[in-house]
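Each remark here refers to the structure printed beneath this line.
The values are calculated or read from the model by the stated rules, or taken from the named source; none is laboratory data. Predicted model only: the values in this text are computed from it and were never measured. Here the Cβ is made from the backbone with ideal geometry for all residues, glycine too, and neighbour counts use every protein chain on show.
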Amino acid sequence: MTFASNTTRRTIARSTGVLVAVAAAMVSACSGDSVTQPDLTARNGLLSATTNLINGLIPVTALMRDTAVATAYTRSFTFTTKGGRIEMPELGMRVDVPEGAIPGDSLTIVVTALPGKAIAYDFQPHGTVFLKPLAFRQDLNNTSWDKLGFKGIVNGGYFKDAAQIDLLKGSALLDELFPVTIKSSRVSFDIKHFSGYMVSGGRQAPTSASEF
């Protein structure tokens, strides 16, 4: 009995020593300066997609014009509290500013159609927040809307920086994506703040019909 008890005690001691050593190694690995960080090397192009998801950006495909805008095309207009309209008829775009929408007594709005085929516009002054939503409207004729299966899956999109868009190929990373209204080959959506907006054809969202 004595021999068995001594043997049991030695076995327990050895087991305890192993557990202590393993625990010490784990603590050292967790708290030491030499802990290996995750390998962030891009594999099969997945790193950028993962980063975009973390940053909250939404990958989409822009609706495309049949004919590219050769150079940046700009229009500006100074609005008072009575509101008004700024438009680019040759590109099928207009923005209606309702009465009481602008902050302050007057505001000069500058709209630039970005060069390339993507239907995308820069609105300035950047950071402006409106008291009432502006109405953005775009004619969908002479675009990819009725081609390549895009018809019926149009969205509006907001981007902070034009660098988020490939203006020739149409791929884009958006900060916001929202549903639109489509009627008679025209799309509309509300603009509540500036800087950039585009028409996206890459994700499906609810649409509703209303008269312009």
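Which ones in the range 70-86 are among the β-branched types (Val, Ile, Thr) and modelled with pLDDT under 95?
THR71
Can VAL97 be described as among the hydrophobic types (A, V, I, L, M, F, W, C), surrounded by 13 or more Cβ atoms within 10 Å (Cβ to Cβ), under 20 Å from TYR73 (Cβ atoms) and touching a residue at least 12 places away in the same chain (Cβ under 8 Å)?
yes
Given the structure, is GLY104 free of Cβ contacts under 8 Å to residues at least 24 places away in the same chain, surrounded by 13 or more Cβ atoms within 10 Å (Cβ to Cβ) and not aliphatic (A, V, I, L, M)?
In short, no.
Kindly indicate whether any position in the range 79-86 is more than 27 Å from the chain's Cα centre (by Cα), buried (at least 16 other Cβ atoms within 10 Å of the Cβ) and among the hydrophobic types (A, V, I, L, M, F, W, C).
yes
Specify the residue that is modelled with the lowest pLDDT; the eligible residues are those in the range 170-211 that are surrounded by fewer than 16 Cβ atoms within 10 Å (Cβ to Cβ), in a loop (DSSP other than H, G, I, E, B) and charged (D, E, K, R).
The qualifying residue modelled with the lowest pLDDT is GLU211.
Go through the range 130-155 and count every residue that is of a type outside the set (A, V, I, L, M), crowded, with 16+ Cβ neighbours inside 10 Å and at pLDDT 95 or above.
5
Anything in the range 120-129 that is surrounded by fewer than 16 Cβ atoms within 10 Å (Cβ to Cβ) and either in contact with a helix residue (DSSP H, G or I) (Cβ under 6 Å, 6 or more places away or on another chain) or hydroxyl-bearing (Ser, Thr, Tyr) (or both)? List them, or say none.
Within the range 120-129, no residue meets the criteria.
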